[in-house]
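Let me begin by presenting the structure, written as structure tokens, before commenting on it.
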Amino acid sequence: MTEFLLIAIVFFSASQQTVTGFGFSLIVMPLITIFFGLQTAAPLVALQGVTLYVVNLIRYHRHVNLHEALRLGFAAAIGVPVGVWALVSVDASIIKSILGFILVAYAIYSLAKPAGLHLQSTGWFLPFGFIGGCLAGAYNTPGPMFVFYGTLRGWQKEEFRAILQVLFLLTGTLTVVSHWLANHLTPNVSLWYLYTAPALLVGVWVGSWLDRKVNRERFRVLITIMILILGLSLILESFRR
């Protein structure tokens, strides 16, 4: 049953990431954590993410804004080791509650879409990128900070998706390397990665097909509501302990 659920989660999350450009780790990380705990979930999701981002970047590479991607990527690279350190140094219940609050905050922001907010100064890439890197290293969830930044900077739709894939690939690769150096890539992690890799690739293919069929905005709202529910469940779980 665990194998089936894990494969189904990865398949669904890869499909929706291919359609929307983000959200894979936001869905997969809290769900896999329930089954395996953070110590296994973090390196496993990092491996899955890198595979997914490589495939999706091939689709979106023509729209990459390298200037924006490199600035944020530089700041994020500094934050990734800090996040990996926090993963093994901070109590798991605290990490789960922080992740839950991040998901809830992201979902509320995404659903509300506050008007009139815009970042004029490019210097904001430093805090947004660094915090995104920390979240990537600890929870494999750099997306909220990058999405916040891109929204406030006014990135266009295709540019948005392309830049996110570059940033996700960069932070994901650094996170995998950090987990490898910290001896977190255990045989158990590698085995579960091999189990789920085919589901991930099929999910990308299905997502590419859905991308031409579904209303992206309605799909985005549905996924955001799901992320909100996941965030609330993590917060409640952390308080029960």
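For this structure, a couple of remarks:
- When residues in the range 135-192 are screened for being out of contact with any helix residue (DSSP H, G or I) (no Cβ under 7 Å at 6 or more places or on another chain) and basic (Lys, Arg), 2 of them pass.
- Odd one out for ALA199, checked against (1) modelled with pLDDT under 85; (2) crowded, with 18+ Cβ neighbours inside 10 Å; (3) assigned to a helix (DSSP H, G or I): (1)
- Apart from one condition, ALA77 fits all of (1) surrounded by 15 or more Cβ atoms within 10 Å (Cβ to Cβ); (2) at pLDDT below 85; (3) under 26 Å from GLY123 (Cβ atoms); the exception is (2).
- Only one of LEU152, LEU170, LEU234 that is of a type in the set (A, V, I, L, M, F, W, C), touching a Lys or Arg at 6+ places or on another chain (Cβ under 8 Å) and within 26 Å of ILE102 (Cα to Cα): LEU234
The values are calculated or read from the model by the stated rules, or taken from the named source; none is laboratory data. All values derive from a computational prediction rather than experimental measurement. We place every Cβ from the backbone using ideal geometry, glycine too, and count neighbours over all the protein chains shown.
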